[in-house]
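Quick note: the coordinates plus some simple rules give every number you see, no bench work behind them. Bear in mind the structure is a predicted one, so any value in this text is a computation, not a measurement. Methodologically, a virtual Cβ is constructed for each residue, glycine included, from the backbone with ideal geometry; neighbour enumeration extends over all protein chains shown.
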Amino acid sequence: MSSNRVATSLLLAVATAACAADAGSSSSTAQTGAGNPITGEGLANPTTSVVTNWGDLPDGREWGTTAGIDIDPNDGHIWAYERCGSGALTGGGVSCDTNPVDPIFKFDRDTGEALANFGAGIFVVPHGIHVDSVGNVWVTDFDENEDGTKGHQVHKFSPEGELLMSLGTAGQPGTGPNQLNQPNDVITAPDGSIFVSDGHSGQNMTSMQEIEEGRAAGQTGRVVKFAPDGTKIMEWGRIGLEHGEFRTPHALAWDSQGRLWVADRGNHRIEIFDQDGNYLESRYMYGRISGLFITDDDTVYAIDSESSPTNHPNWRNGVRIGSVDRDAITAFIPPFERESRLYQGAAGEGVAVDADGNVYAAEGPNSLSWAGGAFTKYVAGG
């Protein structure tokens, strides 16, 4: 069978599996033992209340969208960013380039007070955020400005906001030795290695022709590994459907075994790899995932902000919760209601969980208006 026919068969298989899950929720429910992982019905919500518009914004500013939030491993407080007042992902004339206020925040996890705020003049559109073991803050910038002088980079800051390192060539997307192309997320390993998930455009490619045209145009879906000093070591992946390929690798997380979890949003799955890029296994029960967070006890929190009537019918937005050791959902945090996504709602793109089990969501373009602010706190039950 030709490679095109194999790839087309895989695309049809993905669509068929999604339709089977939508139509045959009883079989999916059987995997969890209780509740429906597609709609969240019958699954416990581990939070007791919702705090909307969480976090203090400086006077005179309005919340923009976001997709990134993380926990400081040293003091447990919250690091996040907002896109300098922009209500959209791109376009509209507002970005951190045209409105160069400080996009990166550190919030007190109890009060929401802003403890730090920096990063002005460096970004176009922040996208992913990660706090490493010593408190350095890593943020990706996935778009470029009109002058081609900013964007498509990963920036490393000290906890005080000093710029320590930048990966990629400013404003010049590509796949060359020192280039990135729409970097979505970044994470560091215990040995200091840096992993970047790169390529945002594949998620809406619904035919092999579109995928092949995207590849030919230099668009990508890959994970790039760097040494601690920023030297590129290797990469794996491209836009596609097979294991080890991605249609938008949107978020990254580690489990306790040191395995890298990649939210493969357009393929409605999580792909799991070792640190050399070898594919290990997948998870299919978490929806169209935008953000991932894995706690120290290996509980997975995956937030679905993108399931809609046109790209993932019937799957409800929200936070799905499970264990790393099996593909099953054990709890669900429901979304905000949204009429244009009847029965599906609207939820954020980023997710993080503090030591007390409180869950924080970073609200993206699909949920900002319904959430009322860039960040939402879901308070853990007693």
Checklist entry - Which residues in the range 313-345 place their backbone N less than 17 Å from a point set 7 Å from the Cα of Ala44 along the Cα-to-Cβ direction? => result 319-324, 328-334
Next on the checklist: Sorting check: for 189-201, 256-268, which peptide has the highest mean count of neighbouring beta carbons within 10 Å, and how do the rest follow?
Outcome noted: 256-268, 189-201
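If contacts are Cα pairs under 8 angstrom and at least 6 residues apart, what is the relative contact order of the range 174-286 in percent? Please report the intermediate quantities before stating the final value.
Details: 262 pairs, mean separation 22.3, N = 113.
Reported as a whole number, the value is 20 percent.
I need to check one value: relative contact order of the chain, counting alpha carbon pairs closer than 8 Å and at least 6 residues apart, in percent.
Values: 1063 pairs, mean separation 61.7, N = 382.
Once normalised by length, the contact order is 16 percent.
Per residue of the chain, what 222 nm ellipticity follows from adding -39500 (n - 2.57) for every DSSP H run with n ≥ 4, rounded to the nearest 500? Could you put the intermediate results ahead of the total?
Details: 4 runs with 42 residues, N = 382.
Rounded to the nearest 500, the figure is -3500 deg cm²/dmol.
Give the value in nm², to one decimal: projected area of the alpha carbon convex hull of the range 3-380, averaged over all directions.
Values: hull surface 68.1 nm².
It is 17.0 nm².
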Checklist entry - What FRET efficiency, computed as 1/(1 + (r/R0)^6) with R0 = 25 Å and r the Cβ-Cβ distance, is obtained for Glu160 and Val101, rounded to the nearest 0.05? => result 0.90
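Can you give the extra length, in nm with one decimal, that the chain gains between Thr310 and Asp59 once fully stretched, where that is 0.36 nm per residue apart less the Cα-Cα distance? Before the final figure, lay out each step's value.
Working: separation 251, 0.36 × 251 = 90.36 nm, distance 3.87 nm.
Contour length minus the Cα-Cα distance gives 86.5 nm.
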Item to check | Qualifying lysines (Cα of each under 17 Å from Cα of Lys106; at least 8 residues distant if same chain) | outcome: Lys156, Lys377
Next on the checklist: Give me the extension gain from Glu212 to Asp229: residue separation times 0.36 nm, minus the current Cα-Cα distance, reported in nm with one decimal.
Outcome noted: 2.7 nm
